[in-house]
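Have a look at the structure below before the remarks.
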Amino acid sequence: MGYEFIEGNEAIARGAMRAGCDFFASYPITPASSILHYMNDFVPEAGGLVIQAEDEIASLGFCIAAAMAGRKVLTSTSGPGMSLYSENIGLAIMGETPLVIVNIQRQGPATGSATKGAEGDIQFTRWVTSGGLPIIALSPATVEEAYELTFIAFNFAEKYRTPLFLLTSKDLGVTKDSANLDLVKLPPRFDRKKLPPGQKEYLPHYFEKPEDVPLISDFGGDYIARYTTSMHDKAGYLTANPAVIQEMIDHLTAKIESAIDDITLVKEDFQEGADTLVVSYGVISRSAAVAIEEARAKGRKISSLVLQTLWPVPEKAIRDAMKGIKKVVVPEMNMGQYLIEIEKLAPPDAKVIGVCKMNTTLVTPGEIIEKGGLL
Amino acid sequence: MSSNEDQIMEKEETGNTKKPGYSAKDYKSPLKPIWCPGCGDFAVLNALQQSFAKLRLPRHKVAVISGIGCSSRIPGYLSTYGFNSLHGRAIPLAIGVKLANPDNTVVVAGGDGDLFSIGAGHMPHVARKNINLTVLAMDNRIYGLTKGQMSPTTPLDTYTSTTAYGSYDPPVNMVKYVLAYGAGFVARAFSGNLPLLTSLIMQGIEYKGFAFIQVLSPCVTYRGKAEYDSIRENSEVLPDTYDPTDHKSACEIGDIEDKQYLGLIYRNDNLIPYEDRIIEMRKHAQKGKVIPVGELINLYRT
Ligand SMILES: Cc1ncc(C[n+]2csc(CCOP(=O)(O)OP(=O)(O)O)c2C)c(N)n1
Ligand code: SF4
Ligand SMILES: [Mg+2]
């Protein structure tokens, strides 16, 4: 295709198609709707299914069940829709359901400043459903990354049998940029590991070590399977036994937390002797890049860490980047949601400065330089 | 005008021969509608203002509750109490306003998507409970605000931004839907017929119980200007000989889909509104007595 002028939402749709997505359901909401429009074009052509649901509760419900029946599934929404996804996300975690959920963030709460940008759902994504178990979330900064990380999100969802979150904002989703998706290097495609035929039985949540990812067998496949929204044993039967319940909670936690090295995606640009570090993610990392370039041009030594993996917190990468650092600057389109994660990890003598706003406009390089004291 | 002035007007009305009323423009807010020129929703706004004025409703006694959508912008353009709430949630909020203070006249306004897709789950319950609200389902057969996706009333085989191969979801029949759940007042109106629309809204507000009005309100941007003509061609005002108190005829009218009959389709004046029932119940509860519902209904009837 060469260079094209496309928006982030199209790149997400194409990344999903590249990953083999063959089921998509969603409910219209700006600024995520265009993913639904693109998928409407792409998926039927490829022989898959697209459904416009009656609401978000239904759309995620369709998706969870379709994923359990063997489909590779994507859904997309924005803040108010994420709120309605909440309960079903718990179900997906409980059932160990592989699927990808895209949140094209818009300013909130509620209808907010419909439909302008912000990244106010960072902590909401982490704690999106009751129970507080860990989730995985990735955040792209460019159209190419939107394509790449959607593909990778499918890989992680399949590999760890879990709902995967792709978080970006209106500013990337519906802004066109020139991009060449052919040049994006993708890892090999990973499809869920299935229980081979001829086994005695299928235990849908089987693990030996807590961090093991259970093999899966599709609804309608070789083995009868059952899932439940309630606490269950390895066979998927409801249980009230505290020891079994704790074992399952430990499994759902360890499965994600032990994957941290594999799922850590960051971009490091460190400078020898720098005492200032900018930690950024999403579209604002592009403002940060401009700010850093300007400051460096004036002789300042500044390191940069761009996070593509937001959850679980890539602690090791962040700690490594902060070695010898006296000042950490965290620009965000919210009131400091990732700032609190950085503060937890910063060396005691380092100053952590948030450059925060949520007034629907992007954090500019000038604001990062000024409030972050980069010059 | 403040609600204080409304109260003064009320006083004057009761104690005087001179009857100060309101004019439609008293119900206008300072916001200017941002609907597209030609949008059917202008007529609904106009009809609501006229109805409030003709019914001489003090503005502080009226609450207009909506969800999210082009249509749901309506409370912002009125000078009454208003709540532009969440997509699909106008009905629960309206129920809260009504039950907390049954003196309020409560109007719900929302789109076909708002009331019959994401918010459809509330409709059976508000209808069967018979809560004294007036619901205006502003039906443009499309999602206007979010730019032209299929709605629950989009006709079969329509190309929209989410139906690249034509829609294959059969549309919801609003009239049949609410009749099935026991609504006591069911009507269909059209933005292109303002006198009928105004008259039906007034009847709906005066009706003591759940009043449902489907308003065919064209979206000129995503369904084209021809929508007005096609509605005119495919609709007809119910004849004077039609008897809206007959449930069977109402169901028959509801069944007819190639012609959209306009007017009052069904009216049952023998139903007890929910809030009357609970007020009665509360009186008894305060006296420490429990009263069976059957007896309560009889009490009300006598
Ligand atoms: C939970 C949630 N999901 C989706 C949306 C996006 N949204 C806003 S209005 C709307 C539909 C509008 O259609 P309709 O209700 O028919 O009203 P109209 O604009 O046509 O008057 C949608 C999908 C939202 N605001 N909240
Ligand atoms: S998009 Fe359609 S429904 Fe919305 S204001 Fe314009 S004409 Fe009316
Ligand atoms: Mg509509």
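The values are calculated or read from the model by the stated rules, or taken from the named source; none is laboratory data. Quantities reported herein were computed from a predicted structural model and do not represent experimental measurements. Note that each Cβ is placed from the backbone with ideal geometry, even for glycine, and that neighbours are counted across all protein chains shown. Just so you know, the surface numbers come from the protein's heavy atoms only, side chains and all, with ligands and any DNA or RNA stripped out. Shrake-Rupley method; radii C 1.70, N 1.55, O 1.52, S 1.80 Å.
Assorted remarks:
- In the stretch A:263-284, the residues that are farther than 20 Å from A:K351 by Cα and small (G, A, S): A:G282
- Number of the condition not met by B:A164 [criteria: (1) in contact (Cβ under 8 Å) with a residue 24 or more places away in the chain; (2) more than 14 Å from ligand 3 (Cβ to nearest atom); (3) aliphatic (A, V, I, L, M)]: (1)
- Residue in the stretch B:162-175 that is within 21 Å of B:W35 (Cβ to Cβ), polar (S, T, N, Q), within 16 Å of ligand 2 (Cβ to nearest atom) and at pLDDT 95 or above present: no
- B:L194 being within 12 Å of ligand 1 (Cβ to nearest atom) and closer than 23 Å to B:L48 by Cβ: no
- Tally of residues being in contact with a Gly (Cβ under 6 Å, 6 or more places away or on another chain) and open to solvent by less than 20 Å² (accessible area, probe 1.4 Å) across the stretch A:1-22: 2
- From the list A:K234, A:K185, the one residue that fits, being of a type outside the set (S, T, Y) and open to solvent by less than 100 Å² (accessible area, probe 1.4 Å), is A:K234.
- The set of residues in the stretch B:118-138 that are within 21 Å of B:T158 (Cβ to Cβ) and surrounded by 24 or more Cβ atoms within 10 Å (Cβ to Cβ) comprises B:I118, B:A137, B:M138.
- Count of the stretch B:144-160 residues, restricted to those that are of a type in the set (D, E, K, R) and either touching a strand residue (DSSP E or B) at 6+ places or on another chain (Cβ under 9 Å) or more than 11 Å from chain A (Cβ to nearest Cβ) (or both), is 1.
- Hey, A:E247 outside the structural domain of A:S139 (by TED's automatic domain parsing) and within 23 Å of A:K351 (Cα to Cα) or not: no
- Of A:G47, A:G70, A:G95, A:G61, all but one fail to be surrounded by fewer than 20 Cβ atoms within 10 Å (Cβ to Cβ) and touching a residue at least 60 places away in the same chain (Cβ under 8 Å); the exception is A:G70.
- Failed criterion for A:T97 (all others in (1) farther than 21 Å from A:A19 by Cβ; (2) in contact with a Pro (Cβ under 7 Å, 6 or more places away or on another chain) hold): (1)
- Flag if B:P155 is out of contact with any helix residue (DSSP H, G or I) (no Cβ under 7 Å at 6 or more places or on another chain), over 19 Å from A:A58 (Cα atoms) and either at pLDDT below 95 or more than 13 Å from ligand 1 (Cβ to nearest atom) (or both): yes
- Hits in the stretch B:161-195 (condition: assigned to a helix (DSSP H, G or I) and within 14 Å of chain A (Cβ to nearest Cβ)): B:Y177
- Options B:R89, B:R141; residue that is within 14 Å of chain A (Cβ to nearest Cβ), crowded, with 19+ Cβ neighbours inside 10 Å and of a type in the set (D, E, K, R): B:R89
- If the condition is being within 16 Å of ligand 3 (Cβ to nearest atom) and within 12 Å of chain A (Cβ to nearest Cβ), then the stretch B:71-85 contributes B:S72, B:R73, B:N84.
- Just one of the listed residues (B:V106, B:V97) is more than 16 Å from ligand 1 (Cβ to nearest atom), farther than 25 Å from A:I51 by Cβ and part of a strand (DSSP E or B), namely B:V106.
- Contact map, the stretch B:64-82: first residue more than 13 Å from B:T134 (Cβ to Cβ), second residue more than 14 Å from ligand 2 (Cβ to nearest atom) and aromatic (F, W, Y), Cβ cut-off under 6 Å, separation 6 or more or different chains; pairs are B:L78/B:Y27; B:S79/B:Y27.
- Only residues that are within 14 Å of another protein chain (Cβ to nearest Cβ) and either under 16 Å from B:K147 (Cα atoms) or touching a Phe, Trp or Tyr at 6+ places or on another chain (Cβ under 6 Å) (or both) were counted in the stretch A:14-47, giving 17.
- Residue count for the stretch B:92-117 under the criterion of being buried (at least 24 other Cβ atoms within 10 Å of the Cβ) and either within 16 Å of ligand 3 (Cβ to nearest atom) or acidic (D, E) (or both): the result is 10.
- Condition met for A:G81 (open to solvent by less than 10 Å² (accessible area, probe 1.4 Å), in a helix (DSSP H, G or I) and within 13 Å of ligand 1 (Cβ to nearest atom)): yes
- Any hit, the stretch B:136-144, residues being within 18 Å of the chain's Cα centre (by Cα) and more than 9 Å from ligand 3 (Cβ to nearest atom): yes
- Filter result for A:V328 (assigned to a strand (DSSP E or B) and closer than 23 Å to A:A137 by Cα): yes
- Just one of the listed residues (A:K194, A:K170, A:K159) is buried (at least 22 other Cβ atoms within 10 Å of the Cβ), in contact (Cβ under 8 Å) with a residue 24 or more places away in the chain and basic (K, R), and it is A:K170.
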